[in-house]
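Beneath this line is the structure, given in structure tokens, with notes to follow.
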Amino acid sequence: MATTRQLNVNGRTYNVDAESDASLLMVLRDHLDLTGSKYGCGEGQCGACTVLIDGKSRRSCITHVGDVAQKKITTIEGLAQGDRLHPVQQAFLDEGAMQCAYCTSGMIMTAVSLLNTRRDSSAAEIARAMEGNICRCGTQPRIVSAIQRAAKAMNESRS
Ligand code: FES
Ligand code: FES
């Protein structure tokens, strides 16, 4: 039975009527109209639906909404600060790290999660960390370059 539960998404509190085992992805897209997170495989295999839960990347298609009621959820729509893009978003634009862009929001969210913990990874390490996110258009080399560019920008802004 659907019950009303509170979700904290991108710093706002939403009341949502949903079953506890409803997928977070569907709630984000269908109830909250946050359609930046994409439905790809629906089975946790492609990464298109990736969001941050308490700062760590999670597949929203296999995350039950009942398990995230007390958590801080961030979607691609919550990354920019006003008109200023997150450094990872800016780097993806600067490197042209997208073609059809279906994978892009998931790639960016995984990259943000990675850079939240580590900003000195080699290209090979970044490629490995991004392996769970699938790009059918073959933009992985540019994605890795974008993540390196973002890491540099984030390190410089800290110094
Ligand atoms: S749609 Fe969630 S991992 Fe593919
Ligand atoms: S840019 Fe098309 S799937 Fe990645």
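The values are calculated or read from the model by the stated rules, or taken from the named source; none is laboratory data. All of these numbers come straight from a predicted model, not from anything done at the bench. Positions of Cβ are backbone-derived with ideal geometry, glycine not excepted, and every protein chain shown enters the neighbour counts.
Before moving on, here are some points about what is shown:
- Close Cβ contacts (under 8 Å, 6 or more residues apart or on different chains) running from residues in segment 52-63 that are assigned to a loop (DSSP other than H, G, I, E, B) to residues that are within 16 Å of ligand 2 (Cβ to nearest atom) are absent.
- Residues within segment 32-86 that are on the phi > 0 side of the Ramachandran plot and either away from ligand 1 (no atom under 13 Å from the Cβ) or assigned by TED's automatic domain parsing to the domain that holds Arg118 (or both), tallied: 4
- Which listed residue, of Ser37, Ser20, is crowded, with 19+ Cβ neighbours inside 10 Å and either charged (D, E, K, R) or touching a residue at least 40 places away in the same chain (Cβ under 8 Å) (or both): Ser37
- The residues of segment 87-107 that are in a loop (DSSP other than H, G, I, E, B) and away from ligand 1 (no atom under 16 Å from the Cβ), listed by number, are Gly96, Ala97, Met98, Gln99.
- Residue match in segment 71-86 (condition: touching an Asp or Glu at 6+ places or on another chain (Cβ under 8 Å) and either touching a residue at least 40 places away in the same chain (Cβ under 8 Å) or surrounded by 15 or more Cβ atoms within 10 Å (Cβ to Cβ) (or both)): yes
- Here is the figure for segment 10-50: residues that are of a type in the set (Gly, Ala, Ser), out of contact with any Phe, Trp or Tyr (no Cβ under 8 Å at 6 or more places or on another chain) and closer than 16 Å to Ile108 by Cα total 3.
- Some residue of segment 108-119 being at pLDDT 95 or above, crowded, with 23+ Cβ neighbours inside 10 Å, in a strand (DSSP E or B) and under 13 Å from the mean Cα position of the chain (by Cα): no
- Residues of segment 125-143 satisfying the condition of being surrounded by fewer than 16 Cβ atoms within 10 Å (Cβ to Cβ), free of Cβ contacts under 8 Å to residues at least 40 places away in the same chain and outside any helix (DSSP H, G or I): Glu131, Arg136, Cys137, Gly138
- Here Ala97 fits the description: small (Gly, Ala, Ser), under 16 Å from the mean Cα position of the chain (by Cα), modelled with pLDDT of 95 or more and not assigned by TED's automatic domain parsing to the domain that holds Val51.
- So Ser122, is it surrounded by 14 or more Cβ atoms within 10 Å (Cβ to Cβ), of a type in the set (Ser, Thr, Tyr) and more than 16 Å from ligand 1 (Cβ to nearest atom): no
- Boolean, Ser113 is among the polar types (S, T, N, Q), at negative phi, touching a residue at least 12 places away in the same chain (Cβ under 8 Å) and not assigned by TED's automatic domain parsing to the domain that holds Cys41: yes
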